[in-house]
Ligand SMILES: Nc1ncnc2c1ncn2[C@@H]1O[C@H](COP(=O)(O)OP(=O)(O)OP(=O)(O)O)[C@@H](O)[C@H]1O
Ligand SMILES: [Mg+2]
């Protein structure tokens, strides 16, 4: 694909995906190969699941889409990244924020000493500019996370893990992103809470028309709300399918869900070093 060519939108027949990686190779520190030959995409309005064990490259891919990986000395050294048909390979974070990409990093990063309200206010930057504080911005957040309204004056550091996850999603929502990247939103949360948060993410996706890529080790939950899924291992895509197909594949059942009906058949598959999950 040439510098000026956009991936598919010029014909007017087929809309370009919101984001697309074309045979991407990602290297840290100029010598550590983290991701190799990855081609994947997220179509408009979809939720895409990015699954795989520790170190597979899920966060790396999200970071190179949002540009955050650049500040960790990550670089796309082969292949390309496209956003809305535009080549954005190795763009900086600011350039991607300006284009409507919001990245929720792993680990529920709230400002612990600030109140919930002050944390939400940090979301009031749009298109790279601080926008005027307006209560209606919060209303969008409260629509999906009404619990937060009662916590506005509480220091974020004193709220529960689930409330903090809601807070970071709410804060991201206030950006009104076009593409939301979520890294391990279920990590360390009780199953019921994960279910609630994932159902809310699905609602947000549908109602606000926000395309999402969710990197998570919780394959079952993520595939329940996803439209499409990719399974990474050792920096490469091992499986990819529509979510409803992927969730029924024996490899997924066996190695992620622990519910395989054909255990012996798959018990000796070498390359799935994925630890079993019994969730
Ligand atoms: N900033 C960095 N500098 C150098 N290497 C890194 C950096 N971040 C990640 N890596 C390496 O890149 C590989 C992919 O890591 P990544 O964090 O993308 O995996 P992951 O799939 O998100 O794993 P996890 O489920 O543990 O979050 C790993 O080998 C990791 O050690
Ligand atoms: Mg990660």
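Where a number appears in this text, it was derived from the coordinates with a stated rule and is not lab data. None of the values given here were measured: they were computed from a predicted structure. Note that we place each Cβ from the backbone using ideal geometry, even for glycine, and neighbour counts take in every protein chain shown.
Roughly what % antiparallel, to the nearest 5, for the DSSP beta bridges in segment 17-266? Working shown, then result.
On the way: 26 of 43 bridges.
The answer is about 60 percent antiparallel.
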* Rounded Å value of the spacing that divides the Cα centres of segment 131-172 and segment 26-73 -> 28 Å
* Could you pull out which residues in segment 99-123 have an amide N less than 13 Å from a spot 7 Å beyond the Cα of residue 155, following the Cα-Cβ vector? => 111-116
* Whole-number percent relative contact order across segment 37-175, with pairs defined as alpha carbons under 8 Å at least 6 apart -> 23 percent
* Asked: What ranking do 45-52, 239-246, 161-168 get when scored by the average of other Cβ atoms within 10 Å per residue, highest first?
  -> 45-52, 161-168, 239-246
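Computed from the mean reciprocal separation of all distinct C-alpha pairs, what Kirkwood hydrodynamic radius does segment 76-199 have, in Å? Walk me through the numbers on the way to the answer.
On the way: mean 1/r = 0.0648 Å⁻¹.
Result for segment 76-199, one decimal place: 15.4 Å.
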* Kindly list the residues of segment 54-92 that lie in the label zone of residue 187, defined by a backbone N under 19 Å from the point 7 Å along the Cα-to-C-beta vector. => 54-74
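So if I average 1/r over every pair of distinct C-alpha atoms in segment 17-266 and take the inverse, what Kirkwood radius in Å does that give? Spell out each step's value before the answer.
On the way: mean 1/r = 0.0540 Å⁻¹.
Hydrodynamic radius (Kirkwood, Cα pairs) of segment 17-266 is 18.5 Å.
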* Structure fact -> extent check for segment 25-128: Cα max minus min per principal axis, descending, whole Å, gives 43, 30, 25
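Please state the relative contact order of segment 17-266 as a whole percent: Cα pairs under 8 Å, 6+ residues apart? Display every interim value, and only then the final one.
On the way: 507 pairs, mean separation 64.0, N = 250.
The value is 26 percent.
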* To do: Quickly work out the residue 199-to-residue 109 label distance, labels modelled 7 Å from Cα along the C-beta direction, and quote it in nm with one decimal.
  => 3.1 nm
* What percent of all Cα-Cα pairs in segment 130-208 falls in each 10 Å bin, counting up from 0? -> 16, 53, 28, 2
